[in-house]
Structure formats: structure tokens, C-alpha cells
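Computed from the coordinates by the stated procedures, all read-outs in this text should not be read as laboratory data. Keep in mind it's a predicted model, so treat the numbers as computed, not measured. Every residue, glycine as well, gets a Cβ built from its backbone with ideal geometry; the counts of neighbours run over all protein chains shown.
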Amino acid sequence: MSRRWPLALAALLLVSAAVGYHAMIWYVPHAVMQKAYARFTPANHWVHADVLSGSKGSWVPLGNPDIVASRAAYDLSQGPLLLTGSASPDTYWSLTIYDGRTVHFYLVNGETLAGQPYRIALVQAGDAAAIARARAIGATLVESPTARGYLMQRTFVTPSTDFAALKPVREAAVIVPLR
Amino acid sequence: MRSRPLIGRAAAALVVAAVGFTAGAAAAYHWLGSAAATAALRHDIGPWQTMKDGAGFTDAFYIAQIARIGPFPNPPGEALYFLAHDDSSGAALQAHKTYRVCGQPLPARFWSIAAYDAAGTFFANEARRSSYTNGNVAMDAQGRFCITIGPQGNGNWLPTTGEGKVQLLLRLYQPAADIWPSLTAQTVPSIVEVKP
């Protein structure tokens, strides 16, 4: 017994190190998402940055100083959502949706929309009733792998960007329950 | 009589498990941020490093890496990201030194070059300038640009402060569909130290 004890401790050390290693790999993206949920609260509500992130720092490493962003945390636990709005004109614009592990699973950009507004039904994957509702209203169906996640609209800013003209376009974007 | 040794062994086991868990977690966190860990997924083009198209995006380690280094990127078809930690000679970029980043317009609808410190945050500076884009960088008569990165400069200048490391991030939004063959060590921006 006493001879085996040091070996048992060594094995325990290795196993617990392996568990710690994998736990950290699981934890890092979830920690980023927890930060996003805390920062963009309440959920399902756009937060429009009114200045370039480069002029006041960024809440994530390697933030882009050349975009004005609109961000939201989403939560589908109370039901599916309907996202409506338009692309910022005359510059690069995109809306990207990230799941609860920070992984993107949907993107639409200004070129795809070609001047038309977007109307996206965001539903939890496999929610048959919500999927049927989305199809019934003719919205673009997007299925989220997780109940919570993060939305980001990027508008690339150039010297000729008219901030005053952008404001009403950005603020017209809304997130409402899908009824 | 045997309870004391058993309690002692249980306590030792708990300590060993805690030490092992902490060491494993710390090792993972460090490894996630290391250049060596990204080697298998990386394209190195001159001094710039980028991820291969969508490689391993569903892999838990890769997801954690992106979350650690720079979370919420756009997918590769929409935007490409090229990170530089070293200059074109392979020496680490340092904030107290001065560099010239020179190149030709890049094959994308929008592009930008931004400077960050080792933690991925912007260098505080009076001009509040952290980047140049294809919309505001001054070009020379040949249609090329040069950006000075360092504590002193003028013209196209991204100020740095302190003694720490520097990271440069080149972003290409809506890159040309056939972009990869055109990206070589000769066509991507060079990063050359300006000797005093």
C-alpha cells in the first residue's frame, strides 16, 4: 500500500492536470460570453456604440478601431426573436450572429441585402413551433445552436462617412419577440 | 488508529488534485495564447500570420484560441485577419522601436492596419489613432503606402508607447474571391525596422 501511494498521487496529479486543461479550454469562450451577457444587458436589445472603438479602447482584445458597432446579447429562453433593420448605406456593413461558445453561425452583409431591409427570425435549433411561425411570416429563418448568444452589426467608417445619416438607420434596428 | 493516516492521505490527495488542476488550467491558458499552438492552423505569409480557411472552426481548442486571442471575428469568406508579432526579418516588434510598414493596396473592398500592445489593447495617444484604412492612408505617387509605427513619426503614423511588444493586425473585408494566390511574401506589406 505504502509503495503504491506515491504512484497513486502521481497518477492523480496527471489526471487532475488533464481535467484542468480541458476545463480551461471549455471555460475561455464561455467566460467571454458571460462578459458579453453582463455588458449588453438587458438581452434582446441593441446597444449602439456612438464612437469608433479606437477612440476609447475596446472591451475585447484586438478590437477593430475602424468600425462603429451595434451589439446585443440574445436570449431565446423566452421564445424566438424577430430581428429587423437595414444595412448602413455606402460602406461595409454586416450582421453576424455568434452562439454561446463565440462561434459565428450566420452572417448577412450589405451586398447580400442589396438595399432591402433584413427580417430575420432567430429561433433555437429544433424548436419546431418557432420554425413554423418563422416560415409562416416569411422571415429569413436562422436557427441558433444555443439558447443564448451575441449579435454584432459592423459598419466600416471612412473619412466620408456621414454619422448623422447613419444614426437613424442604426437606431431603426429592433429585436422583438416573434409572434 | 488508522483514521489519522487516512485523513492525512485524503488531504494530500486533495492538495495534489488541486495543484494538478490549477497547473493544467494555467498551462491551457498559456498554450491557447502561444504562437506555437496555432502553427498547425496557420498560414505564414511574410511577417503576417493568418488562419487557414475555416480550418478547425468547430474544434474546441480552436474556438478557445480565437476567444482568447480576439473573439467574435467575421468568417473567412467575409473578412481575413493577418496578425504580425515580428518584423520582416523575424525580430519581435517592440514598442520603443520604429518600423515602416509599406505595401500596395490590398485586394479587398476595405482594409485596415491597426497597432496593439501585447494585451491586444490600443496604445493611448493624443491623436487617438490606432489604425489606417484604405480610406484614410496617404499613398505616394506610385500608389503605395508606408505607415510609421513607433514612438515618433509623422504623416501616416501609428504611435506606440512604452517598452513592451507590439502586434499589428491587417484586416481585409470582403476580400477578392481569388485572393490567396496573390498573397505572397513579396505582395503583403513589409515591416522593416528603422535603425536610429
Virtual spin-label span in nm between B:THR187 and A:THR140, 7 Å along Cα→Cβ: 3.0 nm
Principal-axis tilt of helix A:128-137 within chain A, Cα atoms, nearest 10 degrees: 10 degrees
Taking chain B and dividing mean pair separation by its residue count, relative contact order in percent (alpha carbons under 8 Å, at least six apart): 27 percent
Cα convex hull volume per residue for chain B (Å³): 164 Å³
J(HN,Hα) series, the range A:93-104, from Karplus relation 6.51 cos²θ - 1.76 cosθ + 1.60, nearest Hz, glycine and proline x: 9, 8, 10, 10, 10, 10, 7, x, 10, 6, 8, 6
Structure-based [θ]222 nm, chain A - -39500 (n - 2.57) summed over DSSP H runs of at least 4, per residue, nearest 500: -11000 deg cm²/dmol
Whole-number D in µm² s⁻¹ for chain A, Kirkwood Cα-pair radius fed into Stokes-Einstein, 25 °C, 0.890 mPa s: 134 µm²/s
Other-chain or far-sequence residues with amide H under 5 Å of B:VAL194's (modelled H): B:THR98, B:TYR99, B:ARG100
Between helix B:60-69 and chain B: long-axis angle, C-alpha atoms, 0 to 90°, nearest 10: 60 degrees
Candidates B:PRO181, B:PRO73, B:PRO47: whichever shows maximal mean-square fluctuation once chain B is modelled as a Gaussian network with Cα springs under 10 Å: B:PRO181
Angle in degrees between helix B:3-32 and the longest Cα principal axis of chain B, rounded to the nearest 10: 10 degrees
Global size of the range B:147-196 as Cα Rg and Dmax, reported in angstrom: 14.2, 41
Exposure proxy order (Cβ contacts within 10 Å, fewest to most) of B:TRP157, A:TRP5: A:TRP5, B:TRP157
Average beta-carbon neighbours from other chains, 10 Å sphere, peptide B:22-31: 6
Most mobile listed residue (B:THR22, B:THR160, B:THR121) in chain B, GNM with C-alpha springs under 10 Å: B:THR22
Cβ-Cβ FRET estimate between B:ASP140 and B:ASP44, R0 fixed at 30 Å, reported to 0.05: 0.60
Least to most buried among B:GLU163, B:GLU78, B:GLU126, A:GLU171 (fewest other Cβ within 10 Å first): B:GLU126, B:GLU163, A:GLU171, B:GLU78
Net lengthening on full extension, B:ALA124/B:ALA91 (0.36 nm per residue, minus Cα-Cα): 9.5 nm
Using θ = phi - 60° and Karplus 6.51 cos²θ - 1.76 cosθ + 1.60, couplings along the range A:9-21 (whole Hz; Gly, Pro as x): 5, 5, 5, 4, 4, 5, 5, 5, 5, 5, 5, x, 4
Shape of the protein assembly as shown, Cα gyration tensor, a/c cut at 1.5: oblate
